[in-house]
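So the structure is just underneath, and the comments pick up after that.
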Amino acid sequence: MTSAAIPLIDISASELVDTQIIEQFYTPQLLQKVLTTTLDFMQAQSDVVLPYFSEVEPSVWQHKPKQLGVYITDAVEGRALNLEARDKDYATNILSYPSELPAFIIEQMPELALGELIICHDVVKQQAAEQHKTVAEHVTHLLVHGILHLLGFDHELGQAQQDEMEGFEIAILEQLGIGNPYLAR
């Protein structure tokens, strides 16, 4: 990030996820780049309010290091987590768990906790093949998508919110060298 400390990222995985998958698709360098690019882009949008952080003082937001948790799982655990969190009985590509801490607590903490992303790599790999994308491109897209959810954006609230979120994703991915993920290939 241009004006704040380097984000802190905690990467963990289910024991059932091959370490080579983590080393290939979920490296600290990639996650740092995606998170930093997303946060810098959103910070540059002077007319956009980050829904989950609207009460945080801009100076606190700008100068505190951001913290993100990323957990990689398999389809079995992914299905169980999606059932528990969203009452949907299938493994989904990504789940977002925002920290939603009150502003007065954020001001006291050494880092600004964004929340946690849970990624089901089995689903990501399957979707990438179906959508004729590389796994790396799809992972990057989903990370941007998930981070936007952690900031409070939600495409399921209506068409306007979906259009706004997709617009952010397309612009951020362009900065990361990835084309529009919503165009058919």
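Read-outs throughout are calculated quantities, based only on the coordinates presented, and are distinct from any laboratory measurement. Since we're looking at a predicted model, the values are computed, not measured. Counting neighbours? That spans all protein chains shown, and the Cβs are built from the backbone with ideal geometry, glycine included.
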Do any of LYS88/LYS125; LYS64/LYS133; LYS66/LYS133 go past 27 Å between their Cα atoms, and which?
LYS64/LYS133; LYS66/LYS133
Equivalent-ellipsoid semi-axes of segment 27-141, from the Cα gyration tensor, Å, largest first
29, 18, 12
Among the DSSP beta bridges whose two residues both lie in the chain, what percent are antiparallel, rounded to the nearest 5?
25 percent
Considering only segment 62-125, percent of DSSP beta bridges that pair antiparallel, nearest 5
40 percent
The rounded separation in angstrom of the Cα centers of segment 69-117 and segment 17-62 is 14 Å
Multiplying the sequence separation of GLN29 and GLU57 by 0.36 nm and subtracting their Cα-Cα distance, what value in nm do you get?
7.2 nm
Test of understanding: what is the full-extension gain from ALA85 to ILE6, defined as 0.36 nm times their sequence separation minus their Cα-Cα distance?
25.4 nm
If I model a spin label at GLN159 and LEU16 as a point 7 Å from the Cα along the Cα→Cβ vector, what separation in nanometres do I get?
4.0 nm
Which value in nm describes the separation of the simple spin-label points at GLN108 and ASP40, placed 7 Å from the Cα toward the beta carbon?
3.4 nm
Which residue, ILE118, ILE105, ILE72, has the most motion in a Gaussian network model of the chain that connects Cα atoms within less than 10 Å?
ILE105
